Every structure is written in C-alpha cells, then in structure tokens.
Amino acid sequence: MKNQTVFRILVINPGSTTTKVALLENDKPVWSVTLEYAPERGSSSGGMLGQFDFRLRDVERVLDSKKTAISSLSAVAVRGGLFKPLEGGTYRIDEAVLDDVRHGRVQIEHASNLGVLLGDALAGSSGIPVFFIDPVSVDEFEPIARISGIPELERKSFVHALNIKATARVLAEKLGSDIHDLNLVGANLGGGISICAMNKGRIVDVNNAVEGGPFSPERAGSLPSNSLVRLCYSGRFTLDEMKKRLVGQGGLVAHLGTQDAREVEKRIGAGDAKAELIYRAMAYQIAKEIAAMAAVLSGKVDAVFLAGGLAHSALLTGWVRERVAFIAPVYVLPGEREMEALARGAMRVLRGEEKAKIYA
Amino acid sequence: MPRTFVILVINPGSTSTKVALFENEKEVFSKTIAHAPADLAPFKRMADQYDMRLNIIEKTLQSGGVNLKSIDAVMGRGGLLKPVLGGVYAVNACMLEDLRRAERGEHASNLGALIADAFAQKNGVPAYIADPVVVDEMDPMAKVTGIPEIERRSIFHALNQKAVAGKVCAELGLRYGGARLIVAHLGGGISVGAHRSGRVVDVNNALDGDGPFSPERAGSIPAGQLAALCFSGDLTLADVKKRLTGRGGLVAHLGTNDIRVIEEKIRNGDERARLVLDAMIYQIAKHIGAAAVVLDGKVDAIAVSGGLAMDESLVMKLKSKVGWIAKVMVYPGEEEMHALALGALDVLNRRVQPGVYA
C-alpha cells in the first residue's frame, strides 16, 4: 500500500450561475453546497471580476457554517478557467495565473476564471497549497489539427477537459489499464458538446464546442461557411446576436424552443415528428464527429465513451452507440464528476504520483 | 452483334467548352475549345453566351470532319436545376426554361442542355443530361444544422461521384443499389459522399463551404471566428466569399493551388507546405470517417478520385488514416465526358429509363 494518509481537500467550482463548494476526504465527499446566483447578478457592473467579492464572502460563510477551518485542509482545488493554452494536468496556483486573470489576459471572460482568485484568497497566508486542474483551455493539439482553410482563423482547443480526462481515468481503471496506454474517443454531452481524440491521455483534437462540431442543446456547431457568412451580412443581426445564435440560442433550443433534452424526449414520445427529426440529427452529428476523431487516431481506438449530463439519456446514447459500435466498444459513463475530479487531481500531486505543473 | 451508338457530348465550363463524339464507349473525337476572358466579357448572363458557344462548337465539329448525320443522341452537362434524383434526364421545355431563367444560379454548365437541345433538334435525335450538381438524394436528417434557417444542401460532384461508384461496383461485382460506398472526389473542390442503396444519402457541399479545405476552398471554418471576421468591418461580403471559394485552402496558405508545385516544395524541405498539405489530408480523412458512420460502419469500399488522386504520396497518407474502415480504391482524374457518354448509352441500350424533369 502507498500512502494511507487521509487528505482533506476543499473544492471550489464557480460556474456562470453557481459556485459549488465541497469538502472531500480523499475522494469521498464530507459535505457539499451549491450557491446559486440569478443570471442578472452575473452581468452586474464590474464584469466577471466584479463578482469576486460577493462570491468569496459566500464561500467563507459556507466554511463557517460547516466549521471547516482552512488550517485543517491538506489543499484547495479549484476549477480552472479559459486561461492561455496549457497542457492538461494539475497546476499550482502562482502569481502569473492570478495576474493574468486580474488583468483580463484570458481567452474568454467566464466565471470559471474566478476559481484561482477564490482559492488564493481563501488559502491566504496559511501555506496550504492551491491547485487548479485541467482547465477549459487545455491545449494538447498536434499542429496539424490547428489548420483551417483560412490561415488566420486557426482551429483552437477549448474542451471540457476536466470531465473528459476524469471520465477517461474512470474508464481506464475499469479496463484495468492506464489512460497513458490507451487511445480513446471521448464525448462530453452537455449543453455544449465536446468530442475528442485522446492519444495516450493527450487530447490531440477536439471539435471545440463554441466553434464547431455537432450541434448541441444550446449551440449551433459547425455550419456551412458560405451560408453563415450570408447570414452575417444579411443586415438582420448584430455580431452579438449572431454569437448568441451560435452559442446559447443555437441547436436544439433554436429548432424546438427548449434546450431540455427530457422535454424533447417527452415530445418524441407523444409523436412529435419534428422533435424526433432534430433530436436524431443531433445524435447523427455526434456519431459523425466520433468517427472523425477515430480517423484522427487512424482507427486505433481502444474504446469510445459518452459522458456528461446528456449521457443519462438511453434514447440518445442508444442512437449514437448503434452508429459508432463498429469503431470500438462503447461505454456510457453519464454525468459530471467535476468535484471529485478536482479533488483527485490535487491528491495525485499530494501523493507524489504526479508533479504539479507550473503555469508561467 | 449489338449495334454501335454515336453520341455527341457537350460540356461547357467557365473558361472552355469540351465537345466529344463517342461510338459506344469509345471516344473518336474530342476537342477543348478555350474561351478567352475578352470573348466572354461582353455577356452579362450565362444564357447570353448561347449563340457564341453554339457557333464555335459547330465550326469546330465541321473542321474536325465530324459527321453529325450519324448521331443517335446528344448529351449535355447538367446545370443548376431544381434538386433531382441522380440519373439521366431527357431535356424538355421545363428544363430549358429553368436554365434560361437561372433562378438557382448562373453557371456555365447551365448551357449544356441548351446547346445539346440545339444539336438534337437539328438532327432529329433526343437530348439528355446526366447527374447534374444539384442531385439531391440526401437523408432529411443530414440536412439539419444548428441554425434552423441554414440547411445543408446537396450540391456536389454528382457526375464523377456516380461514375466512380459505377466503376467500383463493376470491379467488385456489386449492384450499385445494394452497395455501401464512400466516394471522395478530390479536385479544386472536395466532396465526400456516402452512397447507400443507390443514393448519395450524405455529402458535404463544397460550394457552400462545408467539409475539408481544398486547393481553392476554405471548407468548414470555426463558426464564431468566421462570424467575427464578417463583422470586423475590414471585409466586404465579396471579400469574404473570395476567401472561402477561390482564394481559400491551399492557395491561401501556400500561394498556389497546384499540388505538383506543393509536392515539389515539400521535397525541397518546405516544412510549412508539408504541414498544410498533411492538414488537408487529415481533414479529408475525418470526413471519410464521418461518412462511415452514415453507413453504420458497413462499408464495401472507399474510392478516391479527381485530380488530386494522381498524387501518390497524398493517396498513401490518406490510406494510412482510413484504411481501417474499408479497402481504398483509387481512380485518378475525372472522366466527365466518358461518364456523360455512358449515361446516354444506358438509355439508348434501354438499360435505364430517362427521368422526366418537371
């Protein structure tokens, strides 16, 4: 047996309308709290950084009520944001990342960027290590994956890296293997959809859920370029409106008026042919993207896995499975395991299984 | 002894018109008539070029000693018509009217049926077109995108895709109606089609900027970045269109759309050229993978065709990426004239009934 020490890890995961806070002992949750925020509070003056103060106070109040002292912790693990492109892993929070976030040197403003600031403020001068793990800006692309047909518009890596990598580890364990010995195609099916090719643990290509790939409950995915351009020049939309049609108001919600897959399935059950066509089309595009990623790996794929909230749908995963089963065995591992994934990322470093990476 | 049919084939392109005479499958006369930009400049609409092109074709046939008395049919390249199923169509009044109006776009191929009809009338024989670019056999599900008013439309290299599929079936002893094939047409534009039950049920629309980038086209582009470019204020609609079609893809990255020049650069150690060409192959491979899903992974063969299929190194790299799906068969080049003649022969030999365009 390796180290038997019990690690107490505080996990903080800020999303656009929530902050999830949890205490884990090793990977077992001791308590967890979800702080909810009305969407308009997010758009209050001061932008994302303007939310820092009240989010910090709310987390501190939770710690007080749970009688969890910072000094009792082994580490703090926070969600990483849309920082500069980074390879996957567990990063020790340092001045460089804090400075980039404070000065807006991030790829996209998003609540997840606040994680490092919150973690750092909570740890204060306690000396407790603070980590962020597998942020959305994980970039392990091969150069070949970056090129598009317009030189200045590079394909970029944005990916649900935390959940995908954590799910890949769960699957590897199940297969009695290690992610560094496997080639996987992983799909994170949520409000946005990320489908990636994982070559020995590295995400060498992904559709980038804000720029392309299958359409999803809230996003438009890939579009024929000329048609998109004509729409942009039609004079009917501003850039902001177009962006919303691509991310937020595209995909299922644009066709069916709801992004709730359960509602869509209810309609299909009641015989709504349009709902069925659109939902099937989404599954079809997911399957096509999975096979495209299998081609990236030259067909050498040990397993395909479907994760994320939408993977709870037996209907959707059934349709996808039918179409991609020829590639490799398909595993459905539904849900998000972000909090646990963050704790485990910190533990791998605390146990000395991995070295913490340096941001700068 | 089966009889020999004589077929006149007319294929108008943007800067040239190809004419050929076939005796059954054998080409006995062929000529490519180049049209200088200055000769085309006076014409506002494509249909206005009709008399000019007709006259020059007549002269070319005369001086080539082609006897039109013996022809059995005239076959023209199909144009931008209403969506139709694949196959051979008899030229009729409705078709000619649509091509003159050109409501679905101006393209030189619109002249194919018009000119074929003129020769057919004069000689008292039927005129046909075959597999125009508007062939639409796409599954409704394949047309859906994430923005309701943008639909994926089926516009592609149908003539060559179908001709190549026919060759694969002949070689493998399959019936096209029962075969499951992926055909990749690799030319100035690239289309990857999934053929099932005799239909191309999914294909990327190279003209609409869908699919892999190609020697002259940008293909699929990250949507958010593309929208931002459109709203940057730096570019007009015409500018952006040019970046997508004509000045996109290999030519945008490397200043040339000529694959032989690019391979030469690579041989001389140009790493940028290697990376960009490899990226194009990579995107083609991803689309072939996606097409395999359309066929549920049961694929009889992958066929690679078009001008780029003459590049052996390119084909080899592509094979290494997609060979796991099915065997890869290579049909370099594009034999449009031959494919058109075969379409007419099928009708003359009563193997198929020509479709009626309405």
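Checking the structure you have, find out if any residue of segment B:332-339 is within 12 Å of chain A (Cβ to nearest Cβ) and touching a strand residue (DSSP E or B) at 6+ places or on another chain (Cβ under 9 Å).
No.
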Residue in segment A:263-281 that is more than 20 Å from A:ARG155 (Cα to Cα), charged (D, E, K, R) and at the interface with chain B (Cβ under 7 Å from one of its Cβ atoms) present: yes
Residue in segment A:263-272 that is at negative phi, within 24 Å of the chain's Cα centre (by Cα) and not small (Gly, Ala, Ser) present: yes
B:HIS287 within 10 Å of chain A (Cβ to nearest Cβ), in contact with a Gly (Cβ under 9 Å, 6 or more places away or on another chain) and either assigned to a helix (DSSP H, G or I) or under 29 Å from A:VAL206 (Cβ atoms) (or both): yes
Leading residue by the ranking (farthest from B:HIS195 (Cα to Cα)) among those in segment B:262-285 that are touching a residue at least 40 places away in the same chain (Cβ under 8 Å) and under 21 Å from the mean Cα position of the chain (by Cα): B:MET280
Subset tally (residues that are surrounded by 15 or more Cβ atoms within 10 Å (Cβ to Cβ) and away from chain A (no Cβ under 14 Å)) for segment B:267-284: 1
Single residue of segment A:227-251 satisfying the filter (of a type in the set (S, T, N, Q) and part of a loop (DSSP other than H, G, I, E, B)) that is nearest to the other protein chains (Cβ to nearest Cβ): A:THR238
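Taking the criterion of being within 9 Å of chain A (Cβ to nearest Cβ), in contact (Cβ under 8 Å) with a residue 24 or more places away in the chain and hydrophobic (A, V, I, L, M, F, W, C), would at least one residue in segment B:163-172 satisfy it? Spell out how you get there, then give the answer.
Initially, segment B:163-172 is screened for residues within 9 Å of chain A (Cβ to nearest Cβ), giving none.
No: segment B:163-172 contains no residue that is within 9 Å of chain A (Cβ to nearest Cβ), in contact (Cβ under 8 Å) with a residue 24 or more places away in the chain and hydrophobic (A, V, I, L, M, F, W, C).
Matching residues to (1) assigned to a loop (DSSP other than H, G, I, E, B); (2) polar (S, T, N, Q):
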| residue | (1), (2) |
| --- | --- |
| A:TYR284 | no, no |
| A:ALA287 | no, no |
| A:ILE290 | no, no |
| A:LYS300 | yes, no |
| A:PHE305 | no, no |
| A:THR317 | no, yes |
| A:ARG323 | no, no |
| A:PHE326 | yes, no |
Within segment B:292-329, considering residues that are within 8 Å of another protein chain (Cβ to nearest Cβ) and among the small types (Gly, Ala, Ser), the one surrounded by the most Cβ atoms within 10 Å (Cβ to Cβ): B:ALA292
Exclusive hit being in contact with a helix residue (DSSP H, G or I) (Cβ under 8 Å, 6 or more places away or on another chain), at pLDDT 95 or above and surrounded by fewer than 24 Cβ atoms within 10 Å (Cβ to Cβ), set B:PRO132, B:PRO140: B:PRO140
Segment A:315-331 residues that are at the interface with chain B (Cβ under 7 Å from one of its Cβ atoms), paired with ones that are part of a helix (DSSP H, G or I) and of a type outside the set (A, V, I, L, M) (beta carbon under 8 Å, 6 or more apart): A:ARG323/A:TYR284
Tally of residues being free of Cβ contacts under 8 Å to residues at least 60 places away in the same chain and in contact with a Pro (Cβ under 8 Å, 6 or more places away or on another chain) across segment B:98-125: 1
Residue list for segment A:211-226, restricted to those being closer than 14 Å to B:LYS143 by Cα and more than 7 Å from chain B (Cβ to nearest Cβ): A:PRO214
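The values are calculated or read from the model by the stated rules, or taken from the named source; none is laboratory data. Everything quoted here is computed from the prediction, not taken from an experiment. FYI the Cβ positions are ideal-geometry reconstructions off the backbone, even for glycines, and counts take in every protein chain you see.
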